[in-house]
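Written below as structure tokens is the structure these notes are about.
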Amino acid sequence: MPRIIAGQAGSLQLESVPGQATRPTTDRTREALFSWLASRGWLEGTAVVDLFAGSGALGGEAASRGAERVLLVERDRRAAAVCRRNAAAVNQRVGRSVVQVAAGDVDRVLSEPTGAGPWDLVLADPPYPLGGSELAETLQRISTVLVPDGLLVLERSARSATPDWPEDFELLESRTYGETILYFCLRSGPGEAEQAPGDAPGDGTAGAGTSAGEGPAQPL
């Protein structure tokens, strides 16, 4: 069974999704991922969306470690029901309603008010068979809901082809854990031409995040 690794809900056991409809992120990979995020300030006070959420363990971990709000998006009916129960357990442990669930197709949810964000951090673990143009379209949709200088973490098979990134995504790094590869991508902020006179990129003006090394902007 998955569990929350650290934070306010640390050690909380979560319900697993029955069957083979989802592919849980291993504890080792999840711990490495959240160590990376926490050390760079991507969790405290941020708005996070967990796409293809499965049991919701990634979103629950983000909530436990200080995210301001978390949305779990899951299409599979049984998995969405598990997400709701796990969200309720995490919310009870942290003492406030941080985690919400949206059941439905990722592209559809992101185009609706519930999922439109803006989000500081997107965690995405799409099915491995989803690739090529379909994955490219989903990544393009994700780019529209991220704040400028927001972060996408994409989980793929280490044997998969490198994704076709949207033009406004900058690949910061990739890390491989066994059969899994994590891509860390920053969405480009506004160019100098879009800055108000006297504003410098990354100065913390409304609607813009900061660089990955400095941590994200606070949710609007």
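Quick notes on this structure:
- Qualifying residue in segment 20-40 (condition: in contact with a Lys or Arg (Cβ under 7 Å, 6 or more places away or on another chain), modelled with pLDDT of 95 or more, farther than 20 Å from ARG156 by Cβ and open to solvent by 20 Å² or more (accessible area, probe 1.4 Å)): yes
- Any hit, segment 91-109, residues being surrounded by 14 or more Cβ atoms within 10 Å (Cβ to Cβ), among the charged types (D, E, K, R), closer than 23 Å to ALA9 by Cα and in contact with a helix residue (DSSP H, G or I) (Cβ under 9 Å, 6 or more places away or on another chain): yes
- Whichever residue in segment 161-188 is of a type in the set (Ser, Thr, Tyr) and within 16 Å of ALA136 (Cβ to Cβ) and, among such residues, is least open to solvent (accessible area, probe 1.4 Å): TYR183
- Matching residues in segment 44-74 - criterion: being among the acidic types (Asp, Glu) and either open to solvent by 10 Å² or more (accessible area, probe 1.4 Å) or under 9 Å from the mean Cα position of the chain (by Cα) (or both): GLU44, ASP50, GLU68, GLU74
- Residue match in segment 156-179 (condition: closer than 23 Å to GLY60 by Cβ, β-branched (Val, Ile, Thr) and at pLDDT 95 or above): no
- Candidate set from segment 100-139 (those that are part of a helix (DSSP H, G or I) and of a type in the set (S, T, N, Q)); member that is nearest to ALA53 (Cα to Cα): THR138
- Matching entry among ALA124, ALA116 (being of a type outside the set (Lys, Arg) and closer than 18 Å to GLY60 by Cα): ALA124
- When residues in segment 8-43 are screened for being under 17 Å from the mean Cα position of the chain (by Cα) and touching a residue at least 24 places away in the same chain (Cβ under 8 Å), 19 of them pass.
- Contact annotation: residue pairs with Cβ atoms under 9 Å, 6 or more positions apart or on different chains, pairing a residue in segment 162-180 that is more than 18 Å from LEU37 (Cα to Cα) and of a type in the set (Val, Ile, Thr) with a partner that is outside any loop (DSSP other than H, G, I, E, B) and open to solvent by less than 50 Å² (accessible area, probe 1.4 Å), are THR162/ARG156; THR162/TYR183.
For (1) of a type in the set (Ser, Thr, Tyr); (2) not in a strand (DSSP E or B), each residue gets a yes or a no:
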{"position": "ALA38", "(1), (2)": "no, yes"}
{"position": "ASP50", "(1), (2)": "no, no"}
{"position": "SER55", "(1), (2)": "yes, yes"}
{"position": "GLY60", "(1), (2)": "no, yes"}
{"position": "ALA63", "(1), (2)": "no, yes"}
{"position": "LEU72", "(1), (2)": "no, no"}
{"position": "ALA79", "(1), (2)": "no, yes"}
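The values are calculated or read from the model by the stated rules, or taken from the named source; none is laboratory data. Since this is a predicted model, take the numbers as computed values, not measurements. Ideal geometry is used to build each Cβ from the backbone, glycine not excepted, and the neighbour counts take in all protein chains shown. These area figures cover heavy atoms from the full protein model, side chains too; ligands, DNA and RNA do not enter into them. Shrake-Rupley method; radii C 1.70, N 1.55, O 1.52, S 1.80 Å.
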